[in-house]
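The values are calculated or read from the model by the stated rules, or taken from the named source; none is laboratory data. Computed from a predicted model, the values in this text were never measured in an experiment. Please note: Cβ atoms are built from the backbone with ideal geometry, for glycine as well, and neighbour counts cover all protein chains shown.
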């Protein structure tokens, strides 16, 4: 009995050693110890799960998939192996099989949050967006404190152009885990897209308090600087935001989100070269993140280098053809380069992927005017865009101008509504939008002269 007991303990140590070695990056030891574990216990699902995990960490995904399959076959009640098979299949770009693996896990445990998350990702990649949203919401119900489901739900909303909802979900993910880098990066991207001020959250206050404590770690101080930078960003205090993000990257040079946020502030300050440098640093840290390359394209647009911008957006779409914002941005670039037909096609693709993206509908309306001169369709598109996003500043100016313009067909003109939209534009527009403000003020002055109010 003593010999048998000792042998089992040794095999348990092999699995423990394998996991510890994998987590510290010693893959040679991890692979050897995990192989010894399955050799000693070939009928133990737990040993095959450890072996599969190590193989996955080592980048041997096909071998990991086979090992997880052996674990699942050995234990019909093992939800871990089935869930992890779904994860590996997603990494291999096989969403159909990943969906089947996630469903297999959910047959074992219908409320398994991680399996529900994987199911949502697979459905999203298959274009079944409504079902994906349902899976993410089910994952949140199963594990209300798991930030992953909130981040995934936010990413889905962001892809569909529902930026306000995306911001809420990303903020919740960060509140649940302030160290969740992907959620922090996504929250910054959504914030930049919406430019909406949000009240300070309890999570922000907790992060600031932790950063101010005596003896606070560099990581805690870095997160606090990030919160201060985010607050300055919300209020478009770009120089202040830049200073906080610079301090954040100095304290934590491995934070891709901080480099991205620093680049956003620099871009707004007209410092394109610095912005591209820091986005390059973010890409080095997160080479597979298409949002960072998309942001590089945006910076190229702002500096007037449309060729580089187009190349950046097309590279994003090569790796992630469902990234609707890259299609939208490609449309902007093609329009600026005079390719109206190409721009319209790109915007239509963006609209198909994100029907609720008001900015895409706005740009399609502008192109409709240029390509077909259909003012009725143009007006309807502006109105639909404002239904989706009442704060879309450009649409208020465009619709107000159309309603006021004497060249607009009489049946489509409306001086009263024109004034409403032009004044709303002046309320919403930033003070530095001198061109737009002048245009709105000129139209209002013309309306007052042509159709004085009583």
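Okay, here's what the table says:
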quantity	calculated
Selection from the range 336-361 of residues that are outside any helix (DSSP H, G or I) and surrounded by 19 or more Cβ atoms within 10 Å (Cβ to Cβ)	354, 357
Residues of the range 9-35 classified as modelled with pLDDT of 85 or more and within 18 Å of residue 74 (Cβ to Cβ), total	2
In the range 369-418, the residues that are surrounded by 20 or more Cβ atoms within 10 Å (Cβ to Cβ) and over 27 Å from residue 165 (Cβ atoms)	378, 379, 400, 402, 403, 404, 418
Number of the condition not met by residue 408 [criteria: (1) farther than 30 Å from residue 130 by Cα; (2) touching a helix residue (DSSP H, G or I) at 6+ places or on another chain (Cβ under 8 Å); (3) in a helix (DSSP H, G or I)]	(3)
Matching helices (runs of 4 or more DSSP H) fully within the range 8-122 where at least 2 residues are closer than 19 Å to residue 148 by Cβ and touching a residue at least 12 places away in the same chain (Cβ under 8 Å)	45-57, 79-91, 95-108
Residues (under 15 Å from residue 180 (Cα atoms) and part of a helix (DSSP H, G or I)) located in the range 137-152	147, 148, 149, 150, 151, 152
Restricting the range 312-324 to residues that are part of a helix (DSSP H, G or I) and free of Cβ contacts under 8 Å to residues at least 40 places away in the same chain, the residue that is surrounded by the fewest Cβ atoms within 10 Å (Cβ to Cβ)	318
Checking residue 287 against (1) crowded, with 18+ Cβ neighbours inside 10 Å; (2) within 30 Å of residue 123 (Cα to Cα), the condition it does not meet	(1)
Sole exception among (1) over 30 Å from residue 156 (Cβ atoms); (2) at pLDDT 85 or above; (3) touching a helix residue (DSSP H, G or I) at 6+ places or on another chain (Cβ under 9 Å) for residue 442, by number	(3)
Residue in the range 95-103 that is surrounded by fewer than 24 Cβ atoms within 10 Å (Cβ to Cβ) and within 24 Å of the chain's Cα centre (by Cα) present	yes
Tabulated pairs, the range 232-244, first within 8 Å of residue 262 (Cα to Cα), second assigned to a helix (DSSP H, G or I), C-beta under 7 angstrom, 6+ apart or interchain	241/229; 241/232; 241/233; 241/265; 242/262; 242/265; 242/266
Any chance residue 204 is at pLDDT 80 or above, surrounded by 15 or more Cβ atoms within 10 Å (Cβ to Cβ), out of contact with any strand residue (DSSP E or B) (no Cβ under 7 Å at 6 or more places or on another chain) and more than 17 Å from residue 279 (Cβ to Cβ)	no
Residue identified as closer than 17 Å to residue 331 by Cα and part of a helix (DSSP H, G or I) among 426, 399, 364	364
Qualifying positions in the range 289-340 - under 27 Å from residue 129 (Cβ atoms) and out of contact with any helix residue (DSSP H, G or I) (no Cβ under 8 Å at 6 or more places or on another chain)	318, 321
